[in-house]
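Working notes, structure below.
The values are calculated or read from the model by the stated rules, or taken from the named source; none is laboratory data. Bear in mind the structure is a predicted one, so any value in this text is a computation, not a measurement. Quick reminder, even Gly has a Cβ in these numbers, built from the backbone with ideal geometry, and neighbours come from all protein chains shown.
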Amino acid sequence: MATRIIIKRMASLGLALSILLMPKLPGLLVQVQQVQASAPDSILQPNAISEHPAISNVDVIIDAGHGGIDGGTSYGELLEKDINLAIAEKTYEALRKKGYIVLLNRSGDYALSGENLWLRSRSRHLKDLAQRSHLANEIKPKAMISLHVNSARNSSKRGAILLHQKNEQSKQLARHLQHSLNHLYGIHEKPFYGKTYYLLKHCRIPTVIVEMGFITNHQDREMLVRPDWQQAIADHIAIGLEQYLKTSSNPS
Ligand SMILES: [Zn+2]
């Protein structure tokens, strides 16, 4: 179904970065996986990261939050991981149409922790997050956006909220995305510093978490599950990201 090219082997850890050429999503999908001892060496292309233009010059990694046994937050039968993936795929397409090189780190319903040996922790959740941050640090895109869905006890809480890192680039990225999503939701939220978030702490490239809306709010839920509204959310994320990339060129 998908063609897999392993492009980099982390020999000491028995890991490889692999590229999946997806027929459904034209373009590339990067995954980290454990290499089987029996895997033929001929499929390994150790220098492909620097040689492959699509990998050496990535504009953005879209992190589809959760997956597999980690469903994220939920409301009845509705699971965050499925919403994240649906909007991540639409965002991927929207950005590609604008001409950006985009990577999506999850293309189906699976946990990233299952294949990860980077962090020798017994915590599946931490392994999953370590995988996502290591992938970003390895690929070094211009930005990473991690898509999530919020929940609250107070069902009137609604709207998208951006969380950023301490650095100025991440703040800028969050401001552009918040501005664009505020427009869509008709809200006036301000992004805030996600001090305790693993992903924000460990990614060495400008990263933000996009809490795309509250699963516990009727109005937001409608937006998060309807394909036309999912598309609108994806388009507004793409607009915010484009504004960031256009204004942040050569930041150093
Ligand atoms: Zn989440």
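Looking at the range 178-204 only, could you name the residues that are surrounded by 15 or more Cβ atoms within 10 Å (Cβ to Cβ) and modelled with pLDDT of 95 or more? 178, 179, 180, 181, 182, 184, 185, 189, 191, 194, 200 - these are the residues of the range 178-204 that are surrounded by 15 or more Cβ atoms within 10 Å (Cβ to Cβ) and modelled with pLDDT of 95 or more.
In the range 60-81, the residue that is nearest to residue 99 (Cα to Cα) out of those that are more than 12 Å from the ligand (Cβ to nearest atom) and surrounded by fewer than 21 Cβ atoms within 10 Å (Cβ to Cβ) is 68. Report whether or not residue 208 is within 17 Å of residue 95 (Cα to Cα), touching a residue at least 60 places away in the same chain (Cβ under 8 Å) and among the hydrophobic types (A, V, I, L, M, F, W, C). When the stated conditions are applied, residue 208 passes them. Consider the range 124-168 and keep the residues that are out of contact with any His (no Cβ under 7 Å at 6 or more places or on another chain), within 16 Å of the ligand (Cβ to nearest atom) and polar (S, T, N, Q). The one that is nearest to residue 239 (Cα to Cα) is 146. Looking at the range 170-252, the helices (runs of 4 or more DSSP H) lying wholly inside it that each contain 3 or more residues that are away from the ligand (no atom under 16 Å from the Cβ) sit at 218-225, 227-247.
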